[in-house]
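What follows draws every value from the coordinates through simple rules; no lab data is involved. Note that the coordinates shown come from a computational prediction; the quantities given were computed from them, not determined experimentally. FYI the Cβ positions are ideal-geometry reconstructions off the backbone, even for glycines, and counts take in every protein chain you see.
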Amino acid sequence: MNKETTMNEIISFAKEKGFVFQSSEIYGGLAGAYDFGPNGVELLNNIKAFWWKENVQKKPNYYGLDSAMFKHPKVWEASGHVGGFSDPMAECKNCNTRIRVDKELEKIGVAADEKMPEDEINRLFQEHAEEISCPKCGKQDFSDAKAFNLLVKSNLGDFTSAGSDPVYLPGEACQGIYLNYKNVLDSMHPKIPFGIGQINKAFRNEISPRNFLFRTREFEQADTQFFVEPGKNKEAFDTIKAARWQWYLDLGINPKNLRWSQHDNLVFYAADAWDVEYNFPTYGFDEIEGVHDRTDYDLTQHAKHSGVDLSFNDNGNKFTPYIVETSMGLGRVFLAVLAEAYQREELAEGDERTVLRLQPNLAPTKIAVLPLTKKDGLPDIAQDIYATLSETYNVSYAVSGSIGKRYRKADQIGTPFCLTIDYETKDDNTVTIRDRDSMQQERVAIDELPEYFRNKLS
Ligand code: ATP
């Protein structure tokens, strides 16, 4: 990103270039929900694939999972979500706008969070009443802060509308992993320590969804839960924390835009908790992932509520494993990747371009195949090349407009290579390949293209 890049610029760009659209836009939009467009879904899938490869497939003691989103109602009681998954909410007495009090306090530099007792947060709220205004009408007249539960209910299986136990949408992705811990033990017979990873959706009735993809009511999480013998959790935590930092560097994030932040105020069962924060344009540093030492809380709770033994038997040594969790929000990481890669550049002679400097593995399209003209059989050669390369890569094809304009369009969505078929191609079976970042061009023989891209894109 450039120094002066704002989030509004990224949001407009994301819409204009088919990355992210507001959900239900033709009906005026739905707060807290977004759709990923043609380029967005490719980028999102590439981020997920990279995460899955590094965190599940390349680790011999990690197992993948994809659990159903609907779960038994008791799951959310055992996890503590029915009783305690809430944020402190207050309502403007003038216009009924709801605010999240801990976040409003944080904005004015007061240390507050959603885990504080209600009387404590209200004390701070009153103390700073003159610094917090309604974002809609500007008045400073609010109700007291009250805990507002974030779980989203569904009416699944409730045909009488008198059901007593609602089936909730998942408030977090990790519960599916705890529920399948025993299934993984019984089917895969892992040795301890081992991990389970999954990417799954989560839903939260956020009081004020805002900041584009940063705080939505529907989002995706990529989670790993690592099961370790009690006493070995601290060492596992440190190793996992270091690996997560490295993953972000490998994703192409500049370390100067990343930092760790340790939680001061832990939930009662946690032994340690750190957030990875990214320096977003306009918003500044904020959380993109949490790394948590959850002790044996989750398995103990589910064992108690289900009546099923969830201990691990390590050659006669029986214990309930501790869990070290990593939980990454995909929407937030997608936004970080987009902001990081987005660049406006001055070129020679007053020319300018916007380029997404995405790593090739993340780029929505890897190669743009461009016949120089619509005539003289050039499109036929281009179509053949397209057909071959698209077996392996996501390749685009464009025949209209000047070649310079087509290069600019490819740069804007981060396509690492443009491949041009011109009149020389007809003579010597070579094409021009232009590199997105250096804008340098070279001639490559058509039959060497598979090898060329294997080297460049592996
Ligand atoms: P916050 O304090 O910002 O509300 P959190 O601490 O509640 O976040 P976790 O429950 O630890 O978040 O969830 C793990 C990850 O899921 C977060 O690091 C974030 O990337 C993502 N996440 C959580 N809530 C949202 C949301 N409303 N919209 C988008 N992503 C979210």
| Label point 7 Å beyond Cα of LYS234 along Cβ direction - residues of the stretch 259-276 with amide nitrogen under 13 Å | 271-272
| Under 20 Å from the Cα of LYS241 - lysines, other chains or at least 8 residues apart | LYS48, LYS53, LYS58, LYS59, LYS232, LYS256
| query | How high is the relative contact order of the stretch 365-457, given as a whole-number percent (alpha carbon pairs under 8 Å, six or more residues apart)? | reply | 28 percent
| Equivalent ellipsoid dimensions for the stretch 309-433 as semi-axes, Å, which come from the Cα gyration tensor, largest first | 46, 22, 10
| Only Lys, Arg (+1) and Asp, Glu (-1) charged, at Cβ; the stretch 86-149 dipole about Cα centre in debye | 340 debye
| query | What is the ratio of the Cα radius of gyration of the chain to 2.2 N^0.38 Å, where N is its residue count, to two decimals? | reply | 1.13
| said: Going Cα to Cα from LYS74, which lysines come in below 23 Å? Please leave out same-chain ones fewer than 8 positions away. | reply: LYS115, LYS153, LYS182, LYS201, LYS304
| message | Every cysteine in the chain with no other Cys Cβ under 4.7 Å from its Cβ, please list them in numeric order. | response | CYS174, CYS418
| Partners for LYS139 among lysines (Cα-Cα distance below 25 Å; same-chain residues under 8 apart left out) | LYS93, LYS103, LYS107
| field | Contact order normalised by residue count of the stretch 264-305, Cα under 8 Å, 6+ apart, percent | value | 37 percent
| said: Assuming 0.36 nm per residue, please report the length gained on full extension of the stretch ALA33 to THR5 beyond their Cα-Cα distance. | reply: 7.7 nm
| note | A student applying the Cα gyration tensor rule (rounded when a/c is under 1.5; otherwise prolate if a/b is larger than b/c, oblate if not) would label the stretch 336-395 oblate
| note | Relative contact order as a percentage, the chain, C-alpha pairs under 8 Å and 6+ apart, gives 13 percent
| field | Estimated FRET transfer efficiency (ASP351, ASN394; beta-carbon r; R0 35 Å; 0.05) | value | 0.80
| Sorted by mean Cβ packing within 10 Å, highest first, what order do the peptides 183-194, 337-348, 415-426, 38-49 take? | 415-426, 38-49, 337-348, 183-194
| note | For the GLU16, ASP119 Cβ pair and Förster radius 45 Å, calculated FRET efficiency rounded to 0.05 is 0.40
| message | Over 5 Å intervals from 0, what percent of Cα-Cα pairs in the stretch 162-301 sits in each interval? | response | 2, 8, 15, 18, 22, 17, 10, 6, 2, 1, 0
| Once the mean 1/r over all distinct Cα pairs of the stretch 86-149 is inverted, what Kirkwood radius in angstroms do you read off? | 11.4 Å
| task | Once you have a ≥ b ≥ c as the square roots of the Cα gyration tensor eigenvalues for the stretch 365-457, tell me rounded if a/c is under 1.5, and otherwise prolate or oblate according to whether a/b is larger than b/c. | result | rounded
| task | Above 15 angstrom, tally the Cα pairs of the stretch 163-228 and express them as a % of all pairs, no decimals. | result | 61 percent
